[in-house]
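Trainee: Dropping a structure here in structure tokens format, bear with me for questions.
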Amino acid sequence: MAWLPFAVSFLLSSGDSNKLKQWSLFALWLLFFPNAIYIITDLIHLKETGGVPLWYDALLLFAAAITGLIMAFVSLHKAEIFLHGHFKQKLVQPLIVLILLLGSFGVYLGRFLRWNSWDVLTNPTGLVYQIAHRFIFPFQHTRTWGITVLLTVFLYLLWLAIKKIPGLNNRASFI
């Protein structure tokens, strides 16, 4: 599902002047953004199985994870351009960190609690309860916050490293 936030991000940068439409697209992008980074957690499934070498499965999963991350970061870049059009420069970087935090929390919800993005529509009450419980009683959910913060830091450092690649500071050059 990494393709969905990737595709929506291109609509964000379409230059449509309808603010309601653009912010709705941004909300949709944000809802599905964790799907693009979620695939890196599939690496936990690596184990020796009969008939297929472990290195083959590792290479296949790693390639899929890298592809998902590339799509995630391209879409994040498009979202960053969108945010630059609506907020001051100083505010955009903290918003990127917040987006990565929300995305990491979404990955946690999917990987460990088995929630999906469409549960926002199919089971909103259960999803809101699970989320609210983690915010109201954070010390009862140290695993939630430990994983979320570590993944956020990892993704943000990777994001900063990618942005240092020559030529990528030019907004138009990043796809």
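Trainee: For the range 1-45, what are the residues that are surrounded by 13 or more Cβ atoms within 10 Å (Cβ to Cβ) and touching an Asp or Glu at 6+ places or on another chain (Cβ under 9 Å)?
Mentor: Matches in the range 1-45: Gln22, Leu25.
Trainee: Give the residue, chosen from Trp159, Trp145, that is under 12 Å from the mean Cα position of the chain (by Cα) and surrounded by 12 or more Cβ atoms within 10 Å (Cβ to Cβ).
Mentor: None of the other options fit; the residue is Trp159.
Trainee: If you don't mind, there's one more thing I want to ask. Could you please tell me which pairs satisfy a Cβ distance under 6 Å, a separation of 6+ or placement on different chains, a first residue in the range 134-163 that is modelled with pLDDT of 95 or more, and a second residue that is buried (at least 17 other Cβ atoms within 10 Å of the Cβ) and among the small types (Gly, Ala, Ser)?
Mentor: Hits for this filter: Thr148/Ser104; Leu151/Ser104; Thr152/Ser104.
Trainee: Can you tell me how many residues in the range 1-42 are more than 17 Å from Thr148 (Cα to Cα) and in contact with a helix residue (DSSP H, G or I) (Cβ under 8 Å, 6 or more places away or on another chain)?
Mentor: Final tally of qualifying residues: 18.
Trainee: Okay, next question. Does Glu48 count as under 17 Å from Trp159 (Cα atoms) and acidic (Asp, Glu)?
Mentor: No.
Trainee: Would you confirm whether or not the range 94-104 contains a residue that is surrounded by fewer than 18 Cβ atoms within 10 Å (Cβ to Cβ), in a loop (DSSP other than H, G, I, E, B) and out of contact with any strand residue (DSSP E or B) (no Cβ under 6 Å at 6 or more places or on another chain)?
Mentor: no
Trainee: Step by step: first the residues of the range 105-133, then only those that are hydroxyl-bearing (Ser, Thr, Tyr) and surrounded by 15 or more Cβ atoms within 10 Å (Cβ to Cβ), then the one that is modelled with the lowest pLDDT. Which residue is that?
Mentor: For the range 105-133, the residue satisfying everything is Ser117.
The values are calculated or read from the model by the stated rules, or taken from the named source; none is laboratory data. The shown structure was predicted, so the numbers you read here are calculated from the model rather than taken from an experiment. Don't worry about glycine lacking a Cβ; one is built from the backbone with ideal geometry, like all the others, and counts go over all protein chains shown.
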